[in-house]
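S.K.: Quick one: this structure, given as structure tokens, is what I'll be asking you about.
Only the coordinates and a few stated rules stand behind these numbers; no lab work does. Computed from a prediction, not measured in an experiment: that's the story for all the values here. Counting neighbours? That spans all protein chains shown, and the Cβs are built from the backbone with ideal geometry, glycine included.
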Amino acid sequence: MFTKILIANRGEIACRVIKTAQKLGISTVAVYSEADKDARHVELADEAVLLGPAPSRESYLVADKIIAAAKATGAQAIHPGYGFLSENEDFARRVEEEGITFIGPKHYSIAAMGDKIASKKLAKEANVNTIPGYNEPILSPESAVEIAKGIGYPVMIKASAGGGGKGLRVAFNDKDCFEGFTSCRNEARNSFGDDRVFMEKFVEEPRHIEIQVLGDSQGNVVYLHERECSIQRRHQKVIEEAPSPFISQATRKAMGEQAVALAKAVKYQSAGTVEFVVGKDQSFYFLEMNTRLQVEHPVTECITGVDLVEQMIRVAAGESLPFKQEEIKREGWAIECRINAEDPFRNFLPSTGRLVKYQPPETSMEQAASERFGVRVDTGVYEGGEIPMFYDSMIAKLIVHGQDRAEAIAKMREALNGFVIRGISSNIPFQSALLAHPDFGSGNFNTGFIAQHYGGGFKAEDVVHEDPGFLVALAGFIRRKAREREAGITGQLPGHEVKIEHDYVALVNEGAGRHQRHALHIDEFVGNLGEAHVRVGGNSYRIVSTSRLNDIRIAGTVNGRPFTAQAERGTAKNPLAYRIQHNGLAIEVTVLSPRAAELHALMPFKAPPDTSKFLLSPMPGLLVQIAAAPGQTVQAGERLAVIEAMKMENILVAERDVKIAEVLAKTGESLSVDQPILRFE
């Protein structure tokens with residue numbers, strides 16, 4: 001066994017690998033860029049080596065620097081994590097040539113499966129089901145259109161070296177195909193340095209189901225059941241679960257056996273994933289093989305009890321797999337939600353900056369799969385840390401394990417309620433809405449689920465709460481609790497003491513100066529238990545909570561049922577308001593006495609300034625292009641500027657015909673949210 005390994009990655013996956021290495025008594029070496037000098041993985045490792053500047057092409061993607069760091073620190077092996085160089089054939093080969101063990105598959109396996117065109121040919125030879133398509137590089141958009149006509153729309157245009165949703169487009173007609181081919185090839189060239197593109201039939205109503213495999217150097221290969229990854233937004237996975245609520249045991253077995261056959265065909269050693277697209281009739285076709293650890297590997301660890309990182313390390317050290325296929329169990333149900341730094345209410349634009357508050361829910365499962373049926377958080381961040389613009393948007397992975405799917409969904413919803421993130425936006429409201437959707441609950445979904453239900457974007461009204469009155473009642477409960485504390489302050493003037501009222505008015509902010517009014521009646525607290533009976537209209541809520549007034553996370557019971565919610569006093573525009581969050585819904589509510597509510601109604605509303613004559617940056621990021629000049633007339637839909645953030649290119653287009661009056665920002669400038677870029681006449 002190794003005594004020291006280097007982790008050639010950052011963020012949560014670097015922390016994840018360190019966790020298992022510590023369990024095995026192995027020392028760890030972290031590598032980091034200048035942007036990550038204070039990162040959590042640097043703190044957790046026994047040693048750390050600076051690679052270079054923040055951009056990954058100057059740090060995490062420089063093989064020479066990583067190999068030099070391993071040699072300098074005496075690391076015997078390198079774990080690549082996922083992303084960056086994890087599926088780079090040249091890197092794996094060079095590591096081995098330098099006498100260092102690569103904790104992953106051999107370079108020839110990466111080569112065989114890393115090229116999507118070659119991998120489809122190999123899959124076919126191994127009797128693995130493959131999708132009809134054109135498996136040679138397509139050279140021009142005109143050729144792409146002709147090939148698509150031959151296959152039949154819809155078609156999927158894919159970069160040969162693609163991954164992570166990059167270099168992929170779906171075309172439903174000639175125009176989509178022509179434009180999609182060009183965009184796909186450009187994106188592939190910029191992201192992977194390889195602009196080869198191929199095409200295949202797009203399976204309608206598809207589900208994305210993948211099989212986890214493990215192989216050792218003795219030729220043993222097993223599959224560890226499947227993961228359902230169909231809940232995707234723009235080909236990026238959002239929710240993953242194991243097992244799939246869709247496939248039968250017969251399909252599971254057939255897919256597993258084909259995945260093993262493919263792994264054996266390329267002499268696969270280590271953990272890997274064979275991805276399939278599955279039709280509504282449970283027909284399945286090979287998509288690709290990911291020759292690395294997957295982001296969603298924790299759900300497999302939960303249902304099998306196998307620490308996949310540990311097995312990767314042991315296999316790389318020459319050990320054989322400790323179990324046979326028939327010994328791999330499948331117990332319970334696991335779900336993973338990717339918690340990303342993005343604003344779902346602003347078309348999921350990246351959100352970077354400081355984590356002013358970061359309080360994940362209470363956990364009961366370790367990252368090494370030693371505990372079961374609880375909550376687990378895999379993360380590489382901490383409160384007060386920065387979410388930089390240079391890397392992906394993931395803050396954390398939230399994983400739950402339940403006895404069955406219903407229990408897992410309930411656990412996840414409660415865990416999301418208790419996940420506190422402030423300073424940046426996160427996709428937690430969107431995750432909550434997805435979990436509450438009846439089609440998700442019934443398992444009736446496919447990869448088009450998000451596009452179908454949220455095709456026009458995600459809006460506040462898309463968050464459907466089963467009892468929004470509870471949030472109003474909770475605001476009243478907290479206000480009453482605060483008044484009780486104020487009434488107990490000593491030194492109050494006789495005759496002017498703080499009185500504890502029973503009747504209040506809750507004003508829920510609806511925007512533009514409008515408020516929804518609710519009459520509240522709150523009965524006496526019972527003893528010191530933090531209990532109150534709150535009436536909101538015709539509904540009654542018996543709330544019990546001993547959480548402190550300055551706690552953001554509020555836990556307790558309502559009408560005998562446990563709840564976790566979030567509450568804060570004061571907003572940017574209203575220091576008296578409470579911001580209450582529960583099950584994805586967030587409201588801003590001001591709780592006043594009846595007389596104060598009357599006076600509040602007389603307050604004038606000040607409209608926000610008109611910004612219609614400006615192009616504002618919708619996110620923090622790097623301004624890489626200004627596509628318009630002063631005096632130029634731009635038509636609706638035409639490009640105005642391009643901003644790069646979190647490895648994604650974001651194109652800003654004109655919403656209407658405009659004439660440019662002034663350019664207010666410079667190419668190469670780091671922009672903040674709502675910073676003006678252009679002024680229109």
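S.K.: For ASN550 and ILE651, compute 0.36 nm times the residue count separating them, minus their Cα-Cα distance, and round to one decimal in nm.
M.R.: Full-extension gain reported as 32.2 nm.
S.K.: Going by alpha carbons, how many degrees (0 to 90, nearest 10) lie between the helix axis of 116-125 and the longest principal axis of the chain?
M.R.: 60
S.K.: So for segment 132-201, what are the equivalent ellipsoid semi-axes in whole Å, largest first, each being the square root of 5 times an eigenvalue of the Cα gyration tensor? Mind showing how you got there, number by number?
M.R.: On the way: eigenvalues 63, 24, 22 Å².
Ellipsoid half-lengths, sorted descending, are 18, 11, 10 Å.
S.K.: Taking only the alpha-carbon atoms of segment 140-276, what semi-axes of the equivalent ellipsoid follow from 5 times the gyration tensor eigenvalues under a square root, in whole Å, largest first?
M.R.: Rounded to whole Å, the semi-axes are 30, 18, 14.
S.K.: Here's something else I'd like to know. On full extension of the chain, what length is gained from THR611 through GLN625, given 0.36 nm per residue of separation minus the C-alpha to C-alpha distance?
M.R.: 2.9 nm
S.K.: Along its three principal axes, how long is segment 444-513 when you only count alpha carbons? Whole Å, largest extent first please.
M.R.: On the principal axes, segment 444-513 reaches 66, 29, 19 Å in Cα extent.
S.K.: Could you work out the per residue convex hull volume over the alpha carbons of segment 406-476, in cubic angstrom?
M.R.: Considering the Cα atoms of segment 406-476, their hull volume per residue is 118 Å³.
S.K.: Oh, and also: I want to make sure I understand the PRE zone here: with the label point 7 angstrom from the Cα of ALA460 toward its beta carbon, which residues in segment 482-515 have backbone N atoms less than 12 Å away?
M.R.: The answer is 508-515.
S.K.: If you average 1/r over all unlike Cα pairs in segment 208-462 and invert the result, what Kirkwood radius do you get in angstrom? Spell out each step's value before the answer.
M.R.: Details: mean 1/r = 0.0531 Å⁻¹.
Kirkwood hydrodynamic radius for segment 208-462: 18.8 Å.
S.K.: Let me ask another. Find the Rg to Rh ratio for segment 4-103, where Rh is the Kirkwood radius over alpha-carbon pairs and Rg uses the same atoms.
M.R.: Reported Rg/Rh, Kirkwood definition of Rh: 0.92.
S.K.: Hey, another quick one. How tilted is helix 174-192 with respect to the longest principal axis of the chain? Cα atoms for both, answer in degrees (0 to 90, nearest 10).
M.R.: 80
S.K.: If N is the number of residues in the chain, what value comes out of its Cα radius of gyration divided by 2.2 N^0.38 Å?
M.R.: Values: Rg = 27.2 Å, N = 681, 2.2 N^0.38 = 26.2 Å.
That ratio works out to 1.04.
S.K.: By how many degrees, between 0 and 90 and to the nearest 10, does the Cα long axis of helix 405-417 differ from the longest principal axis of the chain?
M.R.: It is inclined by approximately 60 degrees.
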